[in-house]
1. Report, as a whole number in µm² per second, the diffusion coefficient that Stokes-Einstein gives for region B:158-348 at 20 °C and 1.002 mPa s using the Kirkwood radius over alpha carbon pairs.
2. Using Cα atoms only, what is the angle between the long axis of helix B:586-612 and the major principal axis of chain B, expressed in degrees (0 to 90) to the nearest 10?
3. Please report B:Ser234, B:Ser578 as a ranked list, fewest other C-beta atoms within 10 angstrom at the top and most at the bottom.
4. Provide B:Phe75, A:Phe66 in ascending order of the number of other Cβ atoms located within 10 Å of each residue's Cβ, fewest first.
5. Restricting to DSSP H runs of at least four residues, report the calculated mean residue ellipticity at 222 nm for chain B, -39500 (n - 2.57) per run over all residues, nearest 500 deg cm²/dmol.
6. Pulled fully out, how much extra length does the chain show between B:Leu587 and B:Thr265, if you take 0.36 nm times their separation in residues and subtract their Cα-Cα distance?
7. Tilt of helix B:191-216 relative to the longest C-alpha principal axis of chain B, in degrees (0 to 90, nearest 10)?
8. How long is the gain from B:Ala449 to B:Lys6 if the chain were fully straight, where each residue apart is worth 0.36 nm and the alpha carbon distance is subtracted?
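The numbers here are math on the coordinates, done by the rules we state, and not lab data. What you see is a predicted model, and the numbers here were worked out from it, not measured in a lab. So basically every Cβ, Gly included, is an ideal-geometry build from the backbone, and we count neighbours across all protein chains shown.
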Amino acid sequence: MNQIPHEFAIGGVFMPPLMVVSLLGTIAAVVTALLLNRYRLSRYFSYPPLVFVALMVIYSVLIGTFIIRV
Amino acid sequence: MILSRKAKEAIKTALAMTIAYGIALQMDWDKPVWAGFAVALVSLATVGQSFNKAALRISGTLVATVVALAIIALFPQDRWQFMLLLSGWVGYCTYMMGGAKYQYFWNVCGFVSIIVCMSGGPDSANAFRIAILRSQETGLGILVYSLVAILLWPTKSQADFDAAAAKLAATRRRLYQVFLAQMSNKDIGAETQELRTQLLQEQTRFGQLLEAAETDSYEVWEMRQQWRQFQRLSTDFATTMAGWHENFIELQMLDIHSLLPNLQTFGKELDVRFAQVERMLAGQPPEHQPTSIDLDLDKAEIQSLSHFRRAALAVTRTRLQHLETLSRSLFNIVCDIKGFGQAVDVTAIPSQPHTGFVFDPDRLTGVVRVMTTLWLTYLALIYIPDIPGGPGLVNMGGVFAMILAGTPQLPISKMFMPIAGSVLFGAVIHIFVMPQLSNFIELGLLLFATTFGICYLFAAPKQALSKLFGLAIFIAIANIVNQQTYSFLGITTTAMMFVIIFLLLYIITNIPFSARPEKVFLRLLGRFFHSCGYLIHNLHRNPRKRETRFVRWQKTFHVHELAGLPKKLGVWARFIDSKALPGISPLQIQAVLTGLQALSYRMQELRAESGGAKAHSLVKELQQDIKAWRDRVEETLQRLAGENNAGDKETLQNRLAALIDHLEQRIEETMGRAAEKPVTDRDNENFYRLLGAFRGVSEALVECAGNAHTINWSRWREERF
């Protein structure tokens with residue numbers, strides 16, 4: 001992957017990298033939440049909505065640092 | 001070709017939409033989309049319903065316009081005071097939106113104020129023009145739809161209304177027959193619960209159709225007072241029937257026909273009256289006039305009963321006598337409506353007493369969420385440069401927050417896909433189809449075809465929200481104006497704006513209290529038992545001690561909670577995901593709800609009897625024993641409020657039964673001493689009704705505790721995403 005932050009171009013439409021990273025981070029957080037629900041691991045969290053927001057941020061930062069540079 | 005009703009309704013909406021746009025574009029008015037919104041929102045099944053909604057929309061728009069202009073004029077350069085006042089007004093509208101009347105009026109007042117303020121606020125020179133434009137466009141949409149609805153295939157409410165009244169009368173009679181048979185220990189099976197639910201649904205539908213029929217039918221409007229009285233009598237009937245049903249457990253051991261010798265004749269007379277009401281509602285004159293009848297008691301047989309059985313019998317007799325009065329009133333009012341008898345003076349019949357203003361915590365929660373959404377979007381607009389949507393973010397945030405405040409059970413995720421689909425559809429039309437159009441005829445055909453398609457595909461009442469979103473988002477994205485421009489960036493910005501709004505609403509809805517249906521159910525359940533506990537604790541106050549205003553307000557609040565929470569629990573129960581809570585069936589939840597409703601009735605009955613009974617010497621004598629019973633009930637309610645579990649049903653039943661038996665013994669002793677100071681028959685009946693109410697609360701509480709014990713509440717309390 002190109003290490004320099006750059007826009008994504010789809011059919012001539014440019015999208016900021018942060019938007020793509022946020023979207024991927026949200027999808028990853030949703031998948032994680034579904035899996036945690038499925039295996040009843042979510043009961044160990046005291047407040048899942050905040051955990052969900054935190055997961056979104058964590059995944060976005062990780063994707064933005066190692067996969068798609070922002 | 002014969003068109004179906006949904007095709008006709010779709011054609012009417014599509015035609016009105018096209019004409020409204022045509023007029024707005026011809027007059028060169030800005031924002032014809034507002035006329036389109038008005039058409040989309042007032043198009044309902046019948047002319048009456050549409051007119052009512054239109055009247056509420058235009059009056060809400062006018063009030064909102066005046067308020068918005070006042071807010072802009074008061075704080076043209078003070079943005080914080082501006083938003084403080086606007087959010088306060090919108091919060092007030094949100095609170096009023098949760099009431100029983102004019103919900104849509106307050107909804108419109110709220111969101112139109114936001115739209116006018118955010119469009120006119122930053123550009124105060126044009127504020128007045130924008131406010132007038134909004135009123136103009138809304139009026140245009142309403143006028144066009146109203147004319148189309150009246151002139152083209154008008155669908156009046158009269159036929160549906162008459163059918164609803166007849167159905168209500170038939171269900172009422174059937175329920176009465178079933179209860180009468182059940183009281184005589186005949187097994188009716190599961191028909192009871194089904195009929196009660198059906199009666200409630202039909203009463204709600206009758207109320208909605210009455211409002212519509214008053215608007216579009218002169219015959220109904222002329223007799224509106226009488227129809228309203230019919231509605232009140234029907235509600236009273238349902239309440240009395242519910243209370244009567246609660247007594248059946250206590251009557252099981254009694255030979256009811258010996259104790260009430262003319263019960264069969266009495267029952268038949270009431271059944272005949274209900275049959276005549278059905279007959280008159282079908283347009284036929286009555287064959288039989290009500291004859292005066294009283295329910296006799298066999299005084300000799302009663303002497304052999306225990307005091308609590310006598311109490312149960314006294315309560316049942318009172319209810320049946322009340323049913324006799326109701327049936328007579330229903331007969332007379334329907335006679336008057338249909339012109340078969342003399343006019344009834346509706347002012348002579350008292351309506352429900354006003355209980356005063358009481359804060360509803362759930363409505364207040366909605367207010368806090370709406371105000372928080374407004375403030376967060378406003379702060380984002382000020383401090384984040386070039387945020388997608390601009391002032392539209394505040395507009396849409398306010399609109400969706402108010403929708404969620406009105407229907408808090410609606411999960412946000414359910415709204416996301418319809419909106420995403422509508423945005424995509426609107427985008428395709430805006431980018432690929434609209435640039436090919438060159439005149440209004442082509443544009444008109446496009447508007448007609450699209451509106452027809454959406455209205456036809458989402459014609460079912462359950463799909464009303466999808467239809468509304470589909471139409472509104474399509475016309476917002478299409479953004480039809482005279483100086484037409486096409487911008488892909490505009491559509492992507494709008495899409496991003498919705499994403500931000502949904503994220504914000506998700507956070508606000510779930511923080512700090514979870515919006516999961518099972519969590520809300522648990523909170524409401526705890527509140528219900530807490531209110532019951534408070535009212536039991538303050539049941540017999542010291543008459544020498546003066547009540548402060550705060551204490552009186554507290555009591556009113558808890559009485560309000562007692563009456564309203566079972567209905568709210570019923571609504572939330574429908575949204576509980578049984579698959580996520582294994583081992584819990586909808587039947588178990590329904591049993592809990594039925595128990596709560598029964599306990600609510602019994603508590604209201606106990607309060608009514610305690611308040612109504614004079615300072616009876618017998619009650620004074622038994623104060624300590626009643627206190628012991630009360631303490632036990634309070635302890636059980638506290639356990640139910642905290643852990644949702646009061647232990648084993650049999651253990652609780654035995655404990656309460658022991659207290660009741662002891663109370664019975666003390667009554668025997670006290671009645672023996674009371675022979676020295678004779679009491680009247682009326683005082684005795686009041687006393688027995690009070691005893692019956694105590695026993696009723698015990699029985700209902702045991703039933704509640706038993707139903708609660710069967711549910712694994714720990715799974716409900718588990719945290720989930």
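1. It comes out at roughly 122 µm²/s.
2. Helix B:586-612 sits at roughly 60 degrees to that axis.
3. Values: B:Ser234 21, B:Ser578 13.
Listed from fewest to most nearby Cβ atoms, that is B:Ser578, B:Ser234.
4. Lowest count first: A:Phe66, B:Phe75.
5. On the way: 29 runs with 536 residues, N = 721.
Result for chain B: -25500 deg cm²/dmol, rounded to the nearest 500.
6. Net length gain for the segment: 112.2 nm.
7. So the helix axis and the longest Cα principal axis differ by about 50 degrees.
8. Extra length available between B:Ala449 and B:Lys6 comes to 158.0 nm.
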